[in-house]
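Peer 1: Here's a structure for you.
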Amino acid sequence: MADYAFRTLEDRQKIEKLWEAGRTPKEISTSLDKSLAVIYAELPRGQDGTRLPNQRLRYSAELAQRRVQASLERRGKRAGQPADMNTTAGSGAAGR
């Protein structure tokens, strides 16, 4: 079965090489044992706006990795919420 887990930089570099070699998303998914949906989600993440000689949009593994890292960092602490949920939990229930 195809793997839906996070891709590593190595996985992204494999996608980049296969994409530049002219492989289709289906061929890439088969050769990497990833779902087709994973490949279709990954390709736009690494597009840098330039084109390959065959007119396909270029995919950059490093750019995709940077975008994922930035996304993971943004998922951190949300504005207005305490950093440690245990400090506020139970403050009103102690006297009950």
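Peer 1: Among the residues of region 1-20, is there at least one that is of a type in the set (D, E, K, R), modelled with pLDDT under 90 and surrounded by fewer than 17 Cβ atoms within 10 Å (Cβ to Cβ)?
Peer 2: There is at least one residue in region 1-20 that is of a type in the set (D, E, K, R), modelled with pLDDT under 90 and surrounded by fewer than 17 Cβ atoms within 10 Å (Cβ to Cβ).
Peer 1: With 46, 76, 80, 95 as the choices, which residue is modelled with pLDDT under 85, within 30 Å of residue 8 (Cβ to Cβ) and not hydrophobic (A, V, I, L, M, F, W, C)?
Peer 2: Going through 46, 76, 80, 95 in turn, the sole match is 76.
The values are calculated or read from the model by the stated rules, or taken from the named source; none is laboratory data. In this text the structure is predicted, and so the values were computed from the model without any measurement. Positions of Cβ are generated from backbone atoms using ideal geometry, with glycine treated the same way; all protein chains shown enter the neighbour counts.
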